[in-house]
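The values are calculated or read from the model by the stated rules, or taken from the named source; none is laboratory data. Source: prediction; values computed, not measured. FYI the Cβ positions are ideal-geometry reconstructions off the backbone, even for glycines, and counts take in every protein chain you see.
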Amino acid sequence: MTDQSYNFAYLDEQTKRMIRRAILKGVAVPGYQVPFASREMPMPYGWGTGGVQVTAACLVPEDVLKVIDQGADDTTNAVSIRKFFQRTAGVATTEATAEATVIQTRHRIPEQALTAGQILVYQVPIPEPLRFLEPRETETRKMHSLEEYGLMHVKLYEDIARHGSIATAYAYPVRVEGRYVMDPSPIPKFDNPKLSDSPALQLFGAGREQRIYALPPFTRVVSLDFDDHPFDPSKAPHDCDLCGAAESYLDEVITDDAGSRMFVCSDTDFCRSRREAGHVGRLGETAGGGA
Amino acid sequence: MYVAVKGGERAIDNAHAFLAEERRGDPAVAELSTAQIREQLRLSVNRVMAEGSLYDPDLAALAIKQARGDLIEAVFLLRAYRTTLPRFGASRPVETARMACTRRISATFKDAPGGQILGPTFDYTHRLLDFKLAAEGALPPAAPTAPVPTSDLPHITGFLNRDGLIQSETAYDDIPPDLTREPMELPASRALRLQALTRGDEGFILSLAYSTQRGYGRTHAFVGELRIGTVAVEMDIPELGFAVEIGEVELTECETVNQFAGSKTEPPQFTRGYGLTFGQTERKAIAMSLVDRALRWKELGEDDSGAPAQDEEFVLMHADNVQATGFLEHIKLPHYVDFQSELELIRKLRAEALTAIGAARQEAAE
């Protein structure tokens, strides 16, 4: 039931309008970080306030919302954000990727391919891909406007010189339509290929840092690499122990004191629907069997 | 076998129930009322109002109660409430020269028109635990009173200004930017800087100010004047055509007088730092005025010594404790997906490194 003491989806309409303008600007200039007047939200900065504000500005009463954190619908913060919108917007919620019209995510892109009309909202902690090379915002904004990305390429080169490969496993930087270098939020680099040419609209919200950016549908997104060291979207070399999927991103779970471990899909909806379709992994039981 | 961790929702509800119980504490002990917090923990209330950017002692007291006395959490509660309030206008600038002062001191002059008023201060108290306070009930004897000054107390820096000894501030009527409605843009105007400082974390601003005193961007500050008291808040009502008083707020104002030998662009003269905060919050107001002065190095043509307090972006981007605490504490959230990708990377790099070391040893052995 909607909480009547707050406006639909919590934010007042003026604030939503301000956020929508920033979103539109972001869509018009893919990969560009648009400053916006982020509001204090009733959850802490760093806990998804950017994503929550973007979601609030996008939601309409007919929407079906899915919220995931680490790929899972039932992680505590995902539960908390989903509850927030159930309470303040009264929208329908789902765990099924295909049924959702708006998906708010932290750290993952769902395994199941997104479709036209869906909106994927990312929670972003540090939107600036150059931040850890140059701490000053005044400098990094200049670097973006001059398309001065040499520093980033030097960093990647130094990784290769030192370690033999690029030592970035998540929040792996991408180039958008050959122009802006963008931080895809801390998704594992395994997810990077899904950023490109997606039929869905992808929106990124960083509340504390007051930035919104966007990838409109079918935007070309390239993970930075070198000709002789091509980008490698790696994952654990296993199949899911519950559903047997070979192509999904896996979490490693320690199962006893002796250090035994199992690998399971990080995308809980993907794993469940596969098991429901009869797929069984090394340690899995068929759907319906007690767990 | 492994069961995917379910029940996050129930765990959250239970945790909140536990929290509510802990907040109340031992039910055999009487519950604290918000009126008691407002009256008897007033300096906590003041700090929460100052950093929460909302002047409402009752709500601040409620926030402190709800936050179990965690003042940063209370500031956060107040801010989250404040942001939902509609803006129906802006007041006129408050006249601190017409403040009804409960405290007004100057460190730069032995006496000044209007006199030194100590007011309710911890200064000169001996910090000995007063065990009488542990026994409840007794009212303190009434404090002696003095007649209310009949005229306004002039600002001390005004006296220096008459002789041209202190740099004068140019008056301007531009509408100042609003940090809570516009994204922070750098370089920031002084108005924006002061706004960020006044709602910045007291501990952070204090430490920065302290660092300037120890030589990291030294500004040779004296407290020209510190005044605490209530001022009228007036608002222009378009339908009436004149301003009416809509209430009173308690403020602390600090003006520092800083030694200044002159620079390429400015003659030798005293310069100023400014601090203004809600409530009796004088540590914060003094610290704010020191940091304000340190940040003015560019406009006064001073050298950038590379001190943290001179670095506008560093100061402004890290002063807000609601932002800082949120981001700091977010690392409690699950990060296992990122951690997993790091694990894979480390395993791969180690495998390659170990192979290389093995090959090198093999070669050395042969």
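Give me a count of the residues in the range B:130-167 that are surrounded by 10 or more Cβ atoms within 10 Å (Cβ to Cβ) and either more than 21 Å from B:Ala107 (Cβ to Cβ) or out of contact with any Gly (no Cβ under 7 Å at 6 or more places or on another chain) (or both).
Of the residues in the range B:130-167, the ones surrounded by 10 or more Cβ atoms within 10 Å (Cβ to Cβ) are B:149, B:152-161, B:164-167.
This time we only want the ones that are either more than 21 Å from B:Ala107 (Cβ to Cβ) or out of contact with any Gly (no Cβ under 7 Å at 6 or more places or on another chain) (or both), so: B:152, B:155, B:158-161, B:164-167.
Residues in the range B:130-167 being surrounded by 10 or more Cβ atoms within 10 Å (Cβ to Cβ) and either more than 21 Å from B:Ala107 (Cβ to Cβ) or out of contact with any Gly (no Cβ under 7 Å at 6 or more places or on another chain) (or both): 10 in total.
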(message) Can you pull out every residue in the range A:201-233 that is aliphatic (A, V, I, L, M) and either modelled with pLDDT under 95 or surrounded by fewer than 21 Cβ atoms within 10 Å (Cβ to Cβ) (or both)?
(response) A:Val222, A:Leu224
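Is it the case, given these coordinates, that B:Asp320 is among the acidic types (Asp, Glu), at the interface with another protein chain (Cβ under 10 Å from one of its Cβ atoms), buried (at least 16 other Cβ atoms within 10 Å of the Cβ) and free of Cβ contacts under 8 Å to residues at least 60 places away in the same chain? Even if it seems obvious, please write down each step before you answer.
Numbers: among the acidic types (Asp, Glu): yes; at the interface with another protein chain (Cβ under 10 Å from one of its Cβ atoms): yes; buried (at least 16 other Cβ atoms within 10 Å of the Cβ): yes; free of Cβ contacts under 8 Å to residues at least 60 places away in the same chain: no.
Spelling it out, it is not the case that B:Asp320 is among the acidic types (Asp, Glu), at the interface with another protein chain (Cβ under 10 Å from one of its Cβ atoms), buried (at least 16 other Cβ atoms within 10 Å of the Cβ) and free of Cβ contacts under 8 Å to residues at least 60 places away in the same chain.
With respect to B:Gly273, determine if the residue is surrounded by fewer than 22 Cβ atoms within 10 Å (Cβ to Cβ) and more than 14 Å from chain A (Cβ to nearest Cβ).
Values: surrounded by fewer than 22 Cβ atoms within 10 Å (Cβ to Cβ): no; more than 14 Å from chain A (Cβ to nearest Cβ): yes.
No: the conditions fail for B:Gly273.
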(message) Against the conditions (1) assigned to a loop (DSSP other than H, G, I, E, B); (2) away from every other protein chain (no Cβ under 14 Å); (3) out of contact with any Asp or Glu (no Cβ under 7 Å at 6 or more places or on another chain), where does B:Ser91 fall short? Just the number, please.
(response) (3)
(message) Every residue in the range B:244-277 that is β-branched (Val, Ile, Thr) and within 19 Å of B:Thr212 (Cβ to Cβ), please.
(response) B:Thr256, B:Val257, B:Thr271, B:Thr277
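This table checks each residue for (1) more than 26 Å from B:Gly224 (Cβ to Cβ); (2) in contact with a helix residue (DSSP H, G or I) (Cβ under 6 Å, 6 or more places away or on another chain).
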| site | (1), (2) |
| --- | --- |
| B:Asp174 | no, no |
| B:Pro177 | yes, yes |
| B:Glu182 | yes, no |
| B:Leu186 | yes, yes |
| B:Leu192 | no, no |
| B:Ala196 | no, yes |
(request) Considering each of A:Ala57, A:Ala96, A:Ala28, A:Ala92 in turn, give the residue that is away from every other protein chain (no Cβ under 14 Å) and closer than 22 Å to B:Leu179 by Cβ. (result) A:Ala57
(request) Of all residues in the range A:66-103, count the ones that are touching a strand residue (DSSP E or B) at 6+ places or on another chain (Cβ under 7 Å) and farther than 14 Å from A:Asp269 by Cα. (result) 10
(request) Quick one: in the range A:234-273, of everything that is over 26 Å from A:Ile103 (Cα atoms) and of a type in the set (Gly, Ala, Ser), which residue is modelled with the lowest pLDDT? (result) A:Gly259
(message) Exactly one of these conditions fails for B:Lys284: (1) within 14 Å of chain A (Cβ to nearest Cβ); (2) under 30 Å from A:Pro42 (Cβ atoms); (3) surrounded by 16 or more Cβ atoms within 10 Å (Cβ to Cβ). Give me its number.
(response) (1)
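If I go through the range B:70-101 residue by residue, how many of them are more than 17 Å from the chain's Cα centre (by Cα) and either among the aliphatic types (A, V, I, L, M) or more than 27 Å from B:Leu226 (Cβ to Cβ) (or both)?
Taking the range B:70-101 and keeping what is more than 17 Å from the chain's Cα centre (by Cα), we get B:81, B:83-101.
Still in the running and either among the aliphatic types (A, V, I, L, M) or more than 27 Å from B:Leu226 (Cβ to Cβ) (or both): B:81, B:83-90, B:94, B:97, B:99-100.
Going through the range B:70-101 one residue at a time, the tally reaches 13.
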(message) I'm told A:Pro184 meets every condition in (1) assigned to a loop (DSSP other than H, G, I, E, B); (2) away from every other protein chain (no Cβ under 14 Å); (3) not basic (Lys, Arg) except one. Can you identify the failing condition by its number?
(response) (2)
(message) Checking the conditions here, which among B:Asp304, B:Asp311, B:Asp292 is over 12 Å from the mean Cα position of the chain (by Cα) and more than 14 Å from chain A (Cβ to nearest Cβ)?
(response) B:Asp292
(request) Among residues belonging to the range A:228-274 that are among the aromatic types (Phe, Trp, Tyr) and within 18 Å of B:Tyr336 (Cβ to Cβ), point out the one that is farthest from the other protein chains (Cβ to nearest Cβ). (result) A:Phe270
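What residue, among those in the range A:2-25 that are outside any loop (DSSP other than H, G, I, E, B) and within 12 Å of another protein chain (Cβ to nearest Cβ), is nearest to A:Ile81 (Cα to Cα)?
We begin by selecting, within the range A:2-25, every residue outside any loop (DSSP other than H, G, I, E, B); these are A:7, A:10, A:13-25.
Cutting the leftovers down to within 12 Å of another protein chain (Cβ to nearest Cβ) gives us A:7, A:10, A:13-15, A:18-19, A:22.
Working: A:Asn7: 17, A:Tyr10: 12, A:Glu13: 20, A:Gln14: 22, A:Thr15: 19, A:Met18: 22, A:Ile19: 19, A:Ala22: 22 Å.
Per the criteria, the residue is A:Tyr10.
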(request) Quickly run through the range A:70-85 and pick out the residues that are polar (S, T, N, Q) and in contact with a helix residue (DSSP H, G or I) (Cβ under 7 Å, 6 or more places away or on another chain). (result) A:Gln70, A:Thr75, A:Thr76, A:Ser80
(message) I want to confirm something. Restricting to the range A:63-88 and keeping residues that are in a loop (DSSP other than H, G, I, E, B) and over 23 Å from A:Ala22 (Cβ atoms), which single residue is farthest from the other protein chains (Cβ to nearest Cβ)?
(response) A:Asp73
(message) Looking at the range A:193-205, can you tell me whether even one residue there is in contact with a helix residue (DSSP H, G or I) (Cβ under 8 Å, 6 or more places away or on another chain), away from chain B (no Cβ under 14 Å) and under 12 Å from A:Gln123 (Cβ atoms)?
(response) yes
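Of the residues B:Glu344, B:Glu366, only one is loosely packed, with under 12 Cβ neighbours inside 10 Å, acidic (Asp, Glu), over 26 Å from B:Gly217 (Cβ atoms) and at pLDDT below 90; which? Steps first, please.
Working: B:Glu344 fails: loosely packed, with under 12 Cβ neighbours inside 10 Å.
Residue meeting the stated conditions: B:Glu366.
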(request) Please verify whether the range B:119-129 includes one or more residues that are farther than 22 Å from B:Gln280 by Cα and either surrounded by 10 or more Cβ atoms within 10 Å (Cβ to Cβ) or without any contact (Cβ under 8 Å) to a residue 60 or more places away in the chain (or both). (result) yes
(message) Of the conditions (1) surrounded by 12 or more Cβ atoms within 10 Å (Cβ to Cβ); (2) in the same structural domain as B:Met235 (by TED's automatic domain parsing), B:Lys65 satisfies every one except a single condition; which number is it?
(response) (2)
(message) When the residues of the range A:104-138 are narrowed to those that are in contact with a Gly (Cβ under 9 Å, 6 or more places away or on another chain) and not in a loop (DSSP other than H, G, I, E, B), which ends up farthest from the other protein chains (Cβ to nearest Cβ)?
(response) A:Val121
(message) more than 21 Å from the chain's Cα centre (by Cα) and part of a strand (DSSP E or B): which single residue out of B:Val249, B:Val231, B:Val223, B:Val244 fits that description?
(response) B:Val244
(message) Would you confirm whether or not the range B:261-275 contains a residue that is polar (S, T, N, Q), in a strand (DSSP E or B) and closer than 24 Å to B:Val94 by Cα?
(response) yes
(message) Restricting to the range A:154-170, and then to whatever is buried (at least 21 other Cβ atoms within 10 Å of the Cβ) and part of a loop (DSSP other than H, G, I, E, B), can you tell me which residue is nearest to the other protein chains (Cβ to nearest Cβ)?
(response) A:Ala169
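Out of the residues in the range B:230-270 that are of a type in the set (D, E, K, R) and closer than 20 Å to B:Asp292 by Cβ, which is surrounded by the fewest Cβ atoms within 10 Å (Cβ to Cβ)? Full working, then the answer.
So in the range B:230-270, the residues of a type in the set (D, E, K, R) come out as B:234, B:236, B:239, B:245, B:248, B:250, B:253, B:255, B:264, B:266.
Remaining after also requiring closer than 20 Å to B:Asp292 by Cβ: B:253, B:255, B:266.
Values: B:Glu253: 24, B:Glu255: 26, B:Glu266: 15.
Here the residue is B:Glu266.
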(request) Give the residue that is nearest to the other protein chains (Cβ to nearest Cβ), with candidates limited to residues of the range A:31-49 that are under 19 Å from the mean Cα position of the chain (by Cα) and farther than 15 Å from B:Thr83 by Cα. (result) A:Gly46
